[in-house]
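Have a look at the structure below, then the notes.
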Amino acid sequence: MRHAVIVQTATPPRGPGRPRSVPANGATDTREEILTVAASLFTAHGYAATGTREIAAKVGLRQASLFHYFPRKDDLLAELLDRTVSPTLDATAWLDDVLGEPHVRLYVLARMDAANLCGGPPNLGVLQLLPEARGPRFASFWAKRSALRERYRRLILDAVARGRVIDAPGEVVTDLVFGAIEATMTWYGDASGLPSDETAEVVASAAVRGVLVRPPTRQTLRAAGDRLVLARSSVAALT
């Protein structure tokens, strides 16, 4: 029978910084841990019903330490909302100017957008429906979301002009594609069965091909999108 041997060691001196009430889980970044916990509590219980003390306790921090990372509770919601749009806006600005078929550029936009949404905490779409999210504190998020939708709209209208899109108003088609991609964050999670990058590709392909008159195969569209991204990467590497 194996007997455990307990070895007592001296406690190392505490380094600088704010103490935790509970040790951190491995090397997880505390700020990211706070956001993940806040997202879970906000989506499960609502924003108003979730207090900063509860968030801090779940992370293993004292409430005062939480305020070191996020001075106000609305800073947490603002950050979570912003992450659903800003990374995609920044990563796809080049699609407005690059040469290429509009439906291929639309596919690349949708794939990158879906990948960003799959990479965040699950069910973040609920946060947009919170009444608190309509307050002036979050006007920047709604402006960025409108800018992202407009990027979809421009590419769709370009495809409409070339006769590639189904017979439906451009605004309706925009809402169909944009809504399909945005809805990803309401259902995607670890139990979804596909890794995030593959999920993003499937969702983007289905959303874009679904509004085209003569849609290419999924493999053809994916290959065209990959070539466009590769060409962009090559140009960026030279500049």
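(1) farther than 27 Å from ALA143 by Cα; (2) crowded, with 21+ Cβ neighbours inside 10 Å: which one isn't true of THR43, the others all being true?
Of the numbered conditions (1) farther than 27 Å from ALA143 by Cα; (2) crowded, with 21+ Cβ neighbours inside 10 Å, the odd one out for THR43 is (1).
On the basis of being in contact with a helix residue (DSSP H, G or I) (Cβ under 9 Å, 6 or more places away or on another chain), of a type in the set (Lys, Arg), under 25 Å from LEU41 (Cβ atoms) and surrounded by fewer than 17 Cβ atoms within 10 Å (Cβ to Cβ), does ARG83 make the cut?
In short, no.
Restricting to region 162-185, what's the tally of residues that are in a loop (DSSP other than H, G, I, E, B), exposed (fewer than 15 other Cβ atoms within 10 Å of the Cβ), of a type outside the set (A, V, I, L, M) and at negative phi?
Selection size over region 162-185: 3.
All but one of (1) surrounded by 21 or more Cβ atoms within 10 Å (Cβ to Cβ); (2) part of a helix (DSSP H, G or I); (3) not hydrophobic (A, V, I, L, M, F, W, C) hold for SER65; state the number of the condition that does not hold.
For SER65, the exception is condition (1).
Could you list, in sequence order, the residues of region 17-39 that are modelled with pLDDT of 55 or more, in contact with a helix residue (DSSP H, G or I) (Cβ under 8 Å, 6 or more places away or on another chain) and more than 20 Å from ALA64 (Cβ to Cβ)?
ALA39, the sole residue that qualifies.
Count, please, the residues in region 96-138 that happen to be hydrophobic (A, V, I, L, M, F, W, C) and either in contact with an Asp or Glu (Cβ under 9 Å, 6 or more places away or on another chain) or under 17 Å from SER205 (Cβ atoms) (or both). Full working, then the answer.
First, the residues of region 96-138 that are hydrophobic (A, V, I, L, M, F, W, C): 98-99, 104, 106, 108-110, 112, 114-115, 117-118, 124, 126-127, 129-130, 133, 138.
Now narrow it down to the ones that are either in contact with an Asp or Glu (Cβ under 9 Å, 6 or more places away or on another chain) or under 17 Å from SER205 (Cβ atoms) (or both): 104, 106, 108-110, 112, 114-115, 117-118, 138.
So the answer is 11.
The values are calculated or read from the model by the stated rules, or taken from the named source; none is laboratory data. What you see is a predicted model; the values in this text were computed from it and never measured. Because the Cβ atoms are built from the backbone with ideal geometry, glycine has one as well, and the counts that use them run over all protein chains shown.
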